[in-house]
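Written below as structure tokens is the structure these notes are about.
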């Protein structure tokens, strides 16, 4: 078994992503959210739209370091571990939705099947098999073919609108309209089945970054190469977006390239600052967030639903804390942001205590 250097930048990048994920998911009120902390309504890109692809990118980078320890062995046991981990993460996502359905008294007929953890599970499982089965050059061919193929599927089957896009058509046909997300006003799942396919390509981009990092003999030179790769991906995605819009909810091909490019450049800068120039201390707080990332995402979702369910003075605990504690302190808009930051701080303390006690929940 090979050993490889541990890059603290990867843990920091993962931690920054998780912290931002909690921040954007728990404003005091959705009516008072600064625009960078909102998803683009349909086409477009905001800071918040970087969170999910960043996490999938990191999943891909981690695959390289994980499999390289065992020389990319393709044994029955390896595939069983991949299948088991995929199933567990998917099940945790389903249980989270089940908890939300129960505490909010929703009908089981409207139980949502897909979701963030479910997509992470599928992307991890399929990408893991791909990187074990195919060489790097073949993975690039797969990525290009999938991104072009997905573009053509949407282009010739309903276009890019919320109501008529082919991703929605496929999800309704397979999952049923009642089991889709309805936050857009109509049944449409931003973590649906068809749009999961280009999401897997985001994981592959992260894997390619991992290959560059792991195989580099000169990390300063490699940082430059990663910055160039990121810039090229952003440029390609931007050029493509003139005919195929950047859209997080459809996970369009230009969205894959642009967010992947930004992830490449972000990780390159973090490696240069943290691992090459050894500036670890200023980023240690984010490294804490990266230690139990899947646990904190799932647990924070359960806690948010619990706060929305518990009642104080005929209001949810969530609403009570925001309106009675944070609004008087900072007003509607800043109070909403402060509420989200407080959530981030609470979870950091929990993760820090787990870190001190060496409690790392591995799935």
Apply the Kirkwood formula to region 61-263: the hydrodynamic radius equals the inverse of the mean of 1/r over all pairs of different alpha-carbon atoms; give it in Å with one decimal. 18.3
Alpha carbons only, please: Rg and Dmax for region 248-338, in angstrom. 19.1, 54
Order the peptides 184-191, 134-141 from the highest to the lowest mean number of other Cβ atoms within 10 Å of their residues. 184-191, 134-141
Please list, short to long, the whole-number percent of alpha-carbon pairs of region 222-301 in consecutive 5 angstrom bins beginning at zero. 3, 15, 16, 15, 15, 17, 13, 6, 1
The Cα radius of gyration of region 1-150, divided by 2.2 N^0.38 Å with N its residue count, comes to 1.23
Relative frequency of Cα-Cα separations exceeding 18 Å in region 90-199, percent: 56
For region 153-199, the spread of Cα positions along each principal axis, largest first, Å: 25, 19, 17
With no solvent and one equal point scatterer placed on each C-alpha of region 211-363, evaluate the Debye formula and give log10 I(q)/I(0) for q = 0.11, 0.14, 0.15, 0.21 Å⁻¹, two decimals. -0.72, -1.01, -1.07, -1.16
Only helices counted: for the chain, with every DSSP H run of 4 or more residues adding -39500 (n - 2.57) and the sum spread over all residues, [θ] at 222 nm is -21500 deg cm²/dmol
In whole Å, what are the Cα extents of region 315-356 along the three principal axes, biggest one first? 35, 21, 11
Ratio Rg/Rh, restricted to region 196-239 and using Cα atoms, in which Rh is the Kirkwood radius: 1.04
Mind jotting down the three principal axis lengths of the chain based on Cα atoms? Whole angstrom, largest first. 62, 52, 42
Two-decimal Rg to Rh for region 1-52 - Kirkwood Rh, Cα set: 1.19
Label point 7 Å beyond Cα of residue 352 along Cβ direction - residues of region 257-298 with amide nitrogen under 16 Å: 281-292
Between residue 75 and residue 98, how many nm apart are label points set 7 Å from Cα along the C-beta direction? 3.3
Find the eigenvalues of the gyration tensor of the Cα atoms of region 258-297, then list the square roots of 5 times those eigenvalues as equivalent ellipsoid semi-axes, largest first, in whole angstrom. 19, 18, 6
Tell me, what is the FRET efficiency for residue 106 and residue 221 to the nearest 0.05, using R0 = 41 angstrom and their Cβ-Cβ distance as r? 0.15
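Readers should treat all values here as calculations from the given coordinates under stated rules, not as data from a laboratory. The model shown is predicted, which means the values in this text are computed figures rather than measured ones. Here Cβ is always computed from backbone atoms with ideal geometry, including for glycine, and neighbour counts include all displayed protein chains.
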